[in-house]
Structures are given as structure tokens and as C-alpha cells.
1. State whether one or more residues within segment 13-22 are assigned to a helix (DSSP H, G or I), acidic (Asp, Glu) and buried (at least 19 other Cβ atoms within 10 Å of the Cβ).
2. Quick one: how many residues across segment 72-85 are out of contact with any helix residue (DSSP H, G or I) (no Cβ under 7 Å at 6 or more places or on another chain), farther than 16 Å from VAL105 by Cβ and either hydroxyl-bearing (Ser, Thr, Tyr) or in a helix (DSSP H, G or I) (or both)?
3. Looking at segment 86-104, which of its residues are in contact (Cβ under 8 Å) with a residue 24 or more places away in the chain, surrounded by 17 or more Cβ atoms within 10 Å (Cβ to Cβ) and either assigned to a helix (DSSP H, G or I) or out of contact with any helix residue (DSSP H, G or I) (no Cβ under 6 Å at 6 or more places or on another chain) (or both)?
4. Among the residues of segment 33-55, is there at least one that is at pLDDT 90 or above, surrounded by 15 or more Cβ atoms within 10 Å (Cβ to Cβ) and assigned to a loop (DSSP other than H, G, I, E, B)?
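The values are calculated or read from the model by the stated rules, or taken from the named source; none is laboratory data. Remember, predicted model here, so these are calculated numbers, not experimental data. Quick reminder, even Gly has a Cβ in these numbers, built from the backbone with ideal geometry, and neighbours come from all protein chains shown.
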Amino acid sequence: DETVAAFLDRIAAEAKAREDGALGLRIKELRRILTRTYSYGTQDNRGMDAYVSGQNQETAGEMALAVISYQQALKSGSELVPAKRIGERLEAIKKSHPAEYEKGVEKFLNLSVSPNLQGGERPAPKQ
């Protein structure tokens, strides 16, 4: 007795509760295909793309890149991004790969600074 939209909403809520970013992205794409009008905001797209990239990079052993992607997901401002889960993953990377964690944080902070700053050098990243 459930409509397609209600089904997708239910599955999306379950995916969010399980912190399953890949399923969330598949549901988003299915909604786009089915309705041609439904879309998440740009921040949701950026956030979920960065989250899934972080998961893939972590699985591939690319810890510094995973840190950058997870930080970008958090920075996106998307409510779809599982912030608690990302915090747990970042803490695990920090414990198991401290040098790569620091490298990832440093690169993320440097990416976050505008390259078009007037007046010379970029500010040093906060410690």
C-alpha cells in the first residue's frame, strides 16, 4: 500500500540510520530518474559524494585522502552526512595511522584557504 515516493523515503531514512552513504546516493539517483524533479541540494550532493569517497579511500588504504574526503563531507553542511560515524572513522585513522592523519588534515586545511588571498602568504594552518 506504499507509494514509490513513500518507499524511497523509508529506505532513505533506514540508509541514513545505518550510515549507508552508498545506498543513500543510489536512492537519490533513483529519485532523480523517476521524478526528474526531485533533487537534493548541492551541499547534500557534495557531502555524500565526499563521504562515499572517504569510505572507498579508507578501504583502499589511502588514509590521508580519506581524511580529506571525510573532512570535506563534514564541511558540506549536509544533514545527510553521518557526522558521528565520520568522527569515529577519523578517530580510528588518527590512532592507527597518525602520520597519514596529520598529512590529510594539513592538506584539507590548505585546500580550505582561498588561493586568492591578497597581501602575500597564506596563513599557517591552525594546530
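1. No, the conditions are met nowhere in segment 13-22.
2. 2
3. Result: ILE86, ARG89, ILE93, GLU100, TYR101, GLY104.
4. The answer is no, given that none of the residues of segment 33-55 is at pLDDT 90 or above, surrounded by 15 or more Cβ atoms within 10 Å (Cβ to Cβ) and assigned to a loop (DSSP other than H, G, I, E, B).
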